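Chemist: Dropping the structure in here first, questions after.
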There are 2 protein chains.
Amino acid sequence: MQDRNEPDDPCSALTPDAQALVREVLARLVDKWGLWVLSELSENGPLRFSRLLERVRGVSQKSLTATLRQLERDGLVTRTMVVQVPIRVDYAVTPLGRSLVEQVQPLWLWAIARLPEFVAARAAYDANVNRRQVP
Amino acid sequence: MQDRNEPDDPCSALTPDAQALVREVLARLVDKWGLWVLSELSENGPLRFSRLLERVRGVSQKSLTATLRQLERDGLVTRTMVVQVPIRVDYAVTPLGRSLVEQVQPLWLWAIARLPEFVAARAAYDANVNRRQVP
């Protein structure tokens, strides 16, 4: 039955390091704030830190700082200091970041559309969890 | 400047609980094994546990068990016990799971194609990290 040795994982041609990086970048999107911040900057940017803090409702200053640093590190957002009094720092989406927002939107909308199925699956699973055995 | 009160987050119409669930489901894809297991089952399933363990190279029995339970709980995979000696347990992808694999593939391929840009961004960021200030 073992007719094939190669897995069909779409990232099977990548090195483990490269795979880990792809996962990390995509993981940023499902972080609590990553996609929201990126969407704001994509549609309304560039924005100052304080403006982002208002728009991304519920985010703390600390979380927004951490989110922006991760997005900047991944090349999705730029941070520009404008020399004036007081000093202003603008955040803007990069072409790479804009492309990512465009890529992820269909998946996100799909997940929202199928949400009732996920909710039902979880309810059914949790109701039956007691009958389960180890594989 | 605050001309709009509504954020442009595509999930802004969802309740916080629903948003969290969407995030959790999508997070499963970037788990170390989730998408690989789902892809295997999508292309070669149904498969027994032992067969999956062979195909998803490097996964431990413990991780595979945990991955399958999460996927089953989210309605992406079914688990069927076949009464024979010894008892056999088959795992198969659901239509929802197959749809998810199809949805995520373009994003994954995009991330792989843009990988050099992510690598370059990180190298540049890390090289300059010492000059950074708080926002």
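Chemist: Using a 1.4 angstrom probe on heavy atoms only, work out the carbon and sulfur share of the accessible area of region B:25-135 in %.
Modeler: C and S atoms contribute 55 percent here.
Chemist: Write out the trypsin sites (Lys or Arg not before Pro) in region A:19-72 meeting two conditions: DSSP loop, and at most 12 other Cβ atoms within 10 Å of their Cβ.
Modeler: In loop regions of region A:19-72 (DSSP not H, G, I, E or B), the sparsely surrounded trypsin sites (Lys or Arg not before Pro) are A:R57.
Chemist: Could I ask something else about it? Taking the axis about which chain B rotates onto chain A, which residue of B lies nearest it as judged by Cβ position, and how many whole Å separate them?
Modeler: B:L107, 3
Chemist: With θ set to phi - 60°, apply the Karplus curve 6.51 cos²θ - 1.76 cosθ + 1.60 along region B:114-129 and write out the HN-Hα couplings as whole Hz, x wherever there is a Gly or Pro.
Modeler: Once θ is set to phi - 60°, the couplings for region B:114-129 become 8, 3, x, 5, 5, 4, 5, 4, 5, 4, 5, 4, 5, 5, 9, 4 Hz.
Chemist: For A:R48, what residues show an amide H to amide H distance below 5 Å, using hydrogens built from the backbone and excluding near sequence neighbours?
Modeler: When sequence neighbours closer than 5 places are left aside, the close amide H contacts are A:Y91.
Chemist: Another one. What order, most packed first, do the peptides A:74-87, B:78-91 have when packing is the mean number of other Cβ atoms within 10 Å of each residue?
Modeler: A:74-87, B:78-91
Chemist: For A:T65 and A:K32, calculate 0.36 nm times their separation in residues minus their Cα-Cα distance, and state this gained length in nm to one decimal.
Modeler: Between A:T65 and A:K32, full extension yields an extra 10.6 nm.
Chemist: Within 10 Å of each Cβ in peptide A:88-94, how many partner chain Cβ atoms are there on average? Round it to a whole number, please.
Modeler: What the average comes to for A:88-94 is 1.
Chemist: Can you give me the P(r) profile for region B:24-135? Cα pairs, bins 5 angstrom wide beginning at 0, each as a whole percent.
Modeler: Taking every Cα pair in region B:24-135, the percentages come to 2, 11, 18, 18, 14, 10, 8, 6, 6, 3, 2, 1, 0, 0.
Chemist: In Å² (nearest 100), what accessible area is buried between A and B, both sides summed, heavy protein atoms only, 1.4 Å probe?
Modeler: 7100
Chemist: Can you give the FRET efficiency to the nearest 0.05 for B:A92 and A:I112, using r as the Cβ-Cβ distance and R₀ = 25 Å?
Modeler: 0.50
Chemist: Through the Karplus equation 6.51 cos²θ - 1.76 cosθ + 1.60, θ set to phi - 60°, convert the phi angles of region B:74-81 into ³J(HN,Hα) values in whole Hz; use x for Gly and Pro.
Modeler: Those phi angles translate into 7, x, 9, 9, 10, 10, 10, 8 Hz.
Chemist: What distance in nm separates the simple spin-label points at B:V82 and A:A124, each placed 7 Å from Cα in the Cβ direction?
Modeler: Placing both labels 7 Å along Cα→Cβ, they lie 2.1 nm apart.
Chemist: While we're on this one: Quick one: Karplus J couplings for region B:32-49, per residue in order, coefficients 6.51, -1.76, 1.60, θ = phi - 60°, nearest Hz, x for Gly and Pro?
Modeler: Calculated HN-Hα couplings, in order: 3, 10, x, 5, 5, 4, 5, 5, 4, 5, 5, 9, 10, x, x, 9, 6, 3 Hz.
The values are calculated or read from the model by the stated rules, or taken from the named source; none is laboratory data. From a predicted model like this one, the values you see are computed outputs, not experimental measurements. We place every Cβ from the backbone using ideal geometry, glycine too, and count neighbours over all the protein chains shown. Please note that ligands, DNA and RNA were not included when accessible areas were found on the heavy atoms of the full protein model with its side chains. Shrake-Rupley method; radii C 1.70, N 1.55, O 1.52, S 1.80 Å.
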